[in-house]
1. At least 1 residues that are over 27 Å from Glu395 (Cβ atoms) in each: list the helices (runs of 4 or more DSSP H) lying fully within segment 263-337 that qualify.
2. In segment 473-498, which residue that is among the hydroxyl-bearing types (Ser, Thr, Tyr) and closer than 17 Å to Ser268 by Cα is most open to solvent (accessible area, probe 1.4 Å)?
3. The conditions are (1) within 22 Å of Leu299 (Cα to Cα); (2) under 29 Å from the mean Cα position of the chain (by Cα), and Ala460 fails exactly one of them. Which is it?
4. Residues Leu294, Leu306, Leu279: which one is touching a helix residue (DSSP H, G or I) at 6+ places or on another chain (Cβ under 9 Å), in contact (Cβ under 8 Å) with a residue 60 or more places away in the chain and either aromatic (Phe, Trp, Tyr) or closer than 27 Å to Phe434 by Cα (or both)?
5. Would you mind finding the one in Gly401, Gly381 that is over 19 Å from Val52 (Cβ atoms), part of a loop (DSSP other than H, G, I, E, B) and not aliphatic (A, V, I, L, M)?
6. Tell me which of these Asn363 doesn't satisfy, since it passes every other one: (1) closer than 14 Å to Leu441 by Cα; (2) of a type outside the set (Gly, Ala, Ser); (3) assigned to a helix (DSSP H, G or I).
7. Of the residues that make up segment 416-432, is at least one closer than 23 Å to Ile341 by Cβ, at pLDDT 95 or above, open to solvent by less than 10 Å² (accessible area, probe 1.4 Å) and aliphatic (A, V, I, L, M)?
8. Inspect all residues belonging to segment 63-71 and state whether any of them is among the polar types (S, T, N, Q), modelled with pLDDT of 65 or more, open to solvent by 30 Å² or more (accessible area, probe 1.4 Å) and outside any strand (DSSP E or B).
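The values are calculated or read from the model by the stated rules, or taken from the named source; none is laboratory data. Source: prediction; values computed, not measured. Counting neighbours? That spans all protein chains shown, and the Cβs are built from the backbone with ideal geometry, glycine included. With ligands, DNA and RNA removed, areas are computed over all heavy atoms of the protein, side chains included. Shrake-Rupley method; radii C 1.70, N 1.55, O 1.52, S 1.80 Å.
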Amino acid sequence: MHFFGIGIEKRVGLVALELDEFGKCQIIVPSLNDVPVHYLKPNSLVKFRCMVQDMFDPEFYMGVYETVDPNTNTRFYGYISASQARVSPSTSYTPSRHKRSYEEDEDMDLHPSKQKEQHLDFMDLSSEVMMEQAKRYTTHFCIVFEMLFDSLVCSIDYETSNSKFLCCSHVECSLIQQIRVYESWDSFKVNDVLEVYGILSVDPVLSIVNSDERDSSTLDPVESMDTTEEQRVHSPPASLVPRIHVILAQKLQHINPLLPACLNEEESKTFVSNFMSELSPVRAELLGFLTHALLGDSLAAEYLILHLISTVYARRDVLPLGKFTVNLSGCPRNSIFTEHIYRIIQQLVPASYRLQMTIENMNQSRFIPHKDYAANRLVSGVLQLASNTSLVVDETQLEQGQLDTTGVHNVTALGNLITWQKVDYDFSYHQMEFPCNINVLITSEGRSLLPSDCQVHLQAQIIPPNMEEYMNSLLKAVLPSVLNKFRIYLSLLRLLDYSISDEVTKAVEEDFVEMRKNDPESITADDLHRTLLVARFLSLSAGQTTLSRERWLRAKQLEALRKARLQQQKCVNGNEL
């Protein structure tokens, strides 16, 4: 582990105590995102940054109850046994009652004290304690993270500039975490990104792997109404699936470790103010960097910046406002270029995923999460992504072929994500709509088969003799400090508020009417909407939170250049567009 700060570092157990430059003691809690589980001590305090992949059914329990000694009238507290504690109702099954045997009934009749003894704990429970304890229950969050291959969400280790996997994938994972939340569990939902602090538990007693290993302290599947398959999924070996008993959990406004966690605090406002004062040179450097990455095309670089800071800021009925899917056409039919474009984006944003759009992937991959009722769990899919993930769809490798039923459904789901920013999860008997906020960049040779908000045709000004060497040298040439500024710039601008004054709104409307008079056939309502989006993100990219006349004119100019390029390409290649 690497700790920041100046001064003396002393490790106590697995929690580090450190003196900062002001002489104040700081407690450094180890993170499961950085430290392998086998290096951490059981029952120690840890933190974990993760995405909620699934939420299991609640487990109702009573933690403690009060009893009275009949001989002395002394009150004392007792703890319920594991068999009484673990009642896990499932939404997929109905409870079944068990009949006592004749011998048990006879024994109860002959020895009523046994019956009283059996139910004494609950009979002597005071109503106040019962009401209070009845409110306490725990909900599991099955959260998968730290994959070493084919991850859905990829975060950046900003200390080393190496890619670091954060969240789950639809394939089997190398490590799973189960989060147990005891308070405010209903404030979290699937796909939320959380940071939790809790106690790491690797107790083997929590494991229910197969019936041969069960002892008298665990429930029979019939008693708990859980199938064997469900128990295997919900209670896997603790050595493979550690549990975290949460003390503190919070939803993250963003997942960029270079930014303050909350931008509304006074210290955060100072950070934002200081960074905004040097925004102009950072934007200029980023534009130059992306221009070189896009083979000298500065117009494409401008639109890529606008795309990277775009976000869904509101929803009007079913229409998501702020989405800005860009189709970068004219890309070389060679995976090296698009692969390196993705690598560059991967270094700039906290979460990203590359989807290679081939016939094989379309037909064989599982894009939509679906409910497995046998195991009572949600099985993840490619499109189950955390909010603000950059999804790069590589269409340059698409060849002629036949899409089967699965392939058609996958392409439809991808189109719905782009158009409506939602994914319909498959619950067999019905579809459940999950809204999302995913930035989609499509790279293609000609116009993409998928819908997009804006098509930018790449015009390369540089033809490097060795694409691999050119792209690698480009990344190596950027100083880590400069790269961090790019990362702060892109994340921060997505969080800024934006508005348009009534005066500017009226001027834009009048301008649009004039444009329609001059060229009524080529100027549509969609053109106005797209130009307003370009103006919005163009303003934010310059650190301006309101639209000015200057930025509106610049947005019109960019759109005119983009359309002229597309028209030129159409004339050269016929109906390619």
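1. Details: elements: 266-276, 279-293, 298-308.
Filter on segment 263-337 gives 266-276, 279-293.
2. Filtering segment 473-498 for residues among the hydroxyl-bearing types (Ser, Thr, Tyr) gives 473, 481, 489, 491, 498.
After this cut, where a residue has to be closer than 17 Å to Ser268 by Cα as well, the list is 489, 491.
Details: Tyr489: 0, Ser491: 16 Å².
Per the stated criteria, the residue is Ser491.
3. With respect to (1) within 22 Å of Leu299 (Cα to Cα); (2) under 29 Å from the mean Cα position of the chain (by Cα), Ala460 is out only on (2).
4. On the way: Leu294 fails: either aromatic (Phe, Trp, Tyr) or closer than 27 Å to Phe434 by Cα (or both); Leu279 fails: either aromatic (Phe, Trp, Tyr) or closer than 27 Å to Phe434 by Cα (or both).
Sole residue among the options that is touching a helix residue (DSSP H, G or I) at 6+ places or on another chain (Cβ under 9 Å), in contact (Cβ under 8 Å) with a residue 60 or more places away in the chain and either aromatic (Phe, Trp, Tyr) or closer than 27 Å to Phe434 by Cα (or both): Leu306.
5. Details: Gly381 fails: over 19 Å from Val52 (Cβ atoms).
Step by step, each of Gly401, Gly381 is checked, and only Gly401 is over 19 Å from Val52 (Cβ atoms), part of a loop (DSSP other than H, G, I, E, B) and not aliphatic (A, V, I, L, M).
6. So Asn363 meets the others, but not (1).
7. The answer is yes, given that some residue of segment 416-432 is closer than 23 Å to Ile341 by Cβ, at pLDDT 95 or above, open to solvent by less than 10 Å² (accessible area, probe 1.4 Å) and aliphatic (A, V, I, L, M).
8. The initial filter retains those residues of segment 63-71 that are among the polar types (S, T, N, Q), namely 67, 71.
Okay, now just the ones that are also modelled with pLDDT of 65 or more, so 67, 71.
Pick out the ones that are also open to solvent by 30 Å² or more (accessible area, probe 1.4 Å) and you get 71.
Add one more test, that the residue is outside any strand (DSSP E or B), and what stays is 71.
Checking segment 63-71: at least one residue is among the polar types (S, T, N, Q), modelled with pLDDT of 65 or more, open to solvent by 30 Å² or more (accessible area, probe 1.4 Å) and outside any strand (DSSP E or B).
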